[in-house]
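Below is one structure, written out as structure tokens, with a few remarks after it.
The values are calculated or read from the model by the stated rules, or taken from the named source; none is laboratory data. None of these values were measured; they are calculated from a predicted model. Cβ placement follows ideal geometry from the backbone for every residue including glycine, while neighbour counts extend to all protein chains displayed. Surface areas here come from the heavy atoms of the whole protein model, side chains and all, with no ligands, DNA or RNA. Shrake-Rupley method; radii C 1.70, N 1.55, O 1.52, S 1.80 Å.
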Amino acid sequence: MKTTVTRLLPSALALSVIAALPVGSVHAAGFVDDAKVTLGLRNYYFNRNFLNHTGPNVRGDDQGQAAEWTQSFILDARSGFTEGTVGFGLDVLGLYSVKLDGGRGTIGSQLLPVHGVGNDRHAPDDFGRTAIAAKAKISKTELKVGEWFAVLPILRADDGRSLPQTFKGGQITSSEIEGLTLYGGRFNGNSQRNDGSMERMSFSIGSNRYDSSAFDFGGGEYRFNGNNTMVGVWHARLEDVYQQSYVQLTHSQPVGDWVLGANLGYITGKEEGAAKAGDLDNKVYQGAFTAKTGNNSFMVAYQRLSGDTKFMRVDGTSGGTLVNDGFTNSYDNPQERSWQVRHDYNFAGLGIPGLTLMNRYVSGNNIHAGGRNDAEEWGRESELAYTIQEGTLKNLSIRWRNSDVRRDVGADLHENRLIINYPLSLL
């Protein structure tokens, strides 16, 4: 059973770490002068209804609703680098979330951890953790070691609930050649978005979880054509579980009053090393095409999986690499084929800057799961968001997300989320 670490908001720790460096030192000037400290206040209400289900639902019980409400504090303190040939710095994340509402009968929203088993399962009153990473920089090459919120095309930390997911390990990022950025590293710890503990990286299929000692990765992205075009190549392995490669091409092209865009990708994965999860086989072909003009943006996307395995990703991570990933579903089942239509509108065109509306519809078929090879699913998602543009509460944002998912295999969902974010700059 996972153990949640409960702490007071560690703002004092982060600020004391930055203050500890001798400000009078010439070598420390960049460390302090370029430091940034923000405190994010996140209020999150989540309500998901499981519709038309009989017997155990996706959590293995007969619970018909997941509903919780939290207030979170996210302190992000990032130093600059000390002066000299080799610059040194420190990043600190202080994460703390408090339960405002949510009982035993409505757990499982992933805003909070779940403790206990059977009828004794419950959400704690609070949870949190502190993530610290040291960094060093030579020229345009940076080494980072510790724990942080890492977002890479091949491994995306999830920030879709109360607190962000973090990984523990090391990473090198180098931009010595103009337009080319190279990445490499290893992570060996994973703290998921609703967990205060640090565990091994893992990959789950159904109720079976396969732990790994490390996640190794390397990749590069080359931007050219005035940064309008990017080619990315990545390879990663979850040691003794799976290996995965990803090739991506993105392009943006102004055409008159329009800006056209494309995001094409090919992902392939199979078993690795000791193959703890057995033989694995997954391929993804995908493409998303956008068209923007004025205050309107349109997108169509197609995503096709082949092979006998679902899309491979470390447990708890975001499915954002997939073009049809959304708030409630990633359409990443074995053999699934899905398409999406999306529209975004910015109400600045009607004299209301800061107000935006997004609507999308995704449909998937040919799903090989639950003993079927022809299952289907569809989802509809909307987001109405407003960010205050000026005054004392400038940059405070309010988002309402409303979603529906219908499936042949698994529970149908109806969901509402209300998210209020207020970023405060402390330094």
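Among the residues making up region 407-422, those that are assigned to a strand (DSSP E or B) and crowded, with 16+ Cβ neighbours inside 10 Å are ARG407, LEU413, HIS414, GLU415, ARG417, ILE419, ASN421, TYR422. Residues considered: GLY354, GLY349, GLY379, GLY364. Of these, the only one that is touching a residue at least 12 places away in the same chain (Cβ under 8 Å) and touching a helix residue (DSSP H, G or I) at 6+ places or on another chain (Cβ under 9 Å) is GLY354. I'd like the full set of residues that are charged (D, E, K, R) and open to solvent by less than 50 Å² (accessible area, probe 1.4 Å), limited to region 122-159. Listed by number, the residues that qualify are ASP126, ARG129, LYS135, LYS144, GLU147, ASP158. Considering region 314-346, the residues that are acidic (Asp, Glu) and assigned to a loop (DSSP other than H, G, I, E, B) include one that is least open to solvent (accessible area, probe 1.4 Å), namely GLU336. Only a single criterion out of (1) more than 24 Å from VAL37 (Cβ to Cβ); (2) free of Cβ contacts under 8 Å to residues at least 40 places away in the same chain; (3) open to solvent by less than 20 Å² (accessible area, probe 1.4 Å) is not satisfied by SER175, namely (3). Go through region 94-108 and give me each residue that's at pLDDT 95 or above and either in contact with a His (Cβ under 7 Å, 6 or more places away or on another chain) or open to solvent by less than 20 Å² (accessible area, probe 1.4 Å) (or both). Correct list: GLY94, LEU95, SER97. The set of residues in region 198-227 being among the hydroxyl-bearing types (Ser, Thr, Tyr), touching a strand residue (DSSP E or B) at 6+ places or on another chain (Cβ under 8 Å) and surrounded by fewer than 16 Cβ atoms within 10 Å (Cβ to Cβ) consists of SER204, SER213, TYR222.
Given the structure, is VAL117 β-branched (Val, Ile, Thr), open to solvent by 40 Å² or more (accessible area, probe 1.4 Å) and at pLDDT 95 or above? No, not satisfied. Looking only at region 347-362, which residues are surrounded by fewer than 17 Cβ atoms within 10 Å (Cβ to Cβ) and polar (S, T, N, Q)? Answer for region 347-362, where residues must be surrounded by fewer than 17 Cβ atoms within 10 Å (Cβ to Cβ) and polar (S, T, N, Q): just ASN359.
Which members of region 178-195 meet the condition of being touching a Ser or Thr at 6+ places or on another chain (Cβ under 6 Å) and surrounded by fewer than 17 Cβ atoms within 10 Å (Cβ to Cβ)? Hit for region 178-195 is LEU182, nothing else. Give ARG401, ARG372, ARG406 a once-over and let me know the one that is on the phi < 0 side of the Ramachandran plot, among the basic types (Lys, Arg) and in contact (Cβ under 8 Å) with a residue 60 or more places away in the chain. Exactly one of ARG401, ARG372, ARG406 is on the phi < 0 side of the Ramachandran plot, among the basic types (Lys, Arg) and in contact (Cβ under 8 Å) with a residue 60 or more places away in the chain, namely ARG401.
For region 376-400, filtering for residues that are open to solvent by 30 Å² or more (accessible area, probe 1.4 Å), more than 18 Å from LEU163 (Cα to Cα) and touching a Phe, Trp or Tyr at 6+ places or on another chain (Cβ under 8 Å) leaves 6.
Restricting region 258-305 to residues that are of a type in the set (Gly, Ala, Ser) and either at pLDDT below 95 or within 22 Å of the chain's Cα centre (by Cα) (or both), the residue that is most open to solvent (accessible area, probe 1.4 Å) is ALA262. Residues in region 80-132 that are small (Gly, Ala, Ser) and either in a loop (DSSP other than H, G, I, E, B) or over 23 Å from THR70 (Cβ atoms) (or both): GLY80, GLY84, GLY87, GLY89, GLY102, GLY103, GLY108, SER109, GLY116, GLY118, ALA123.
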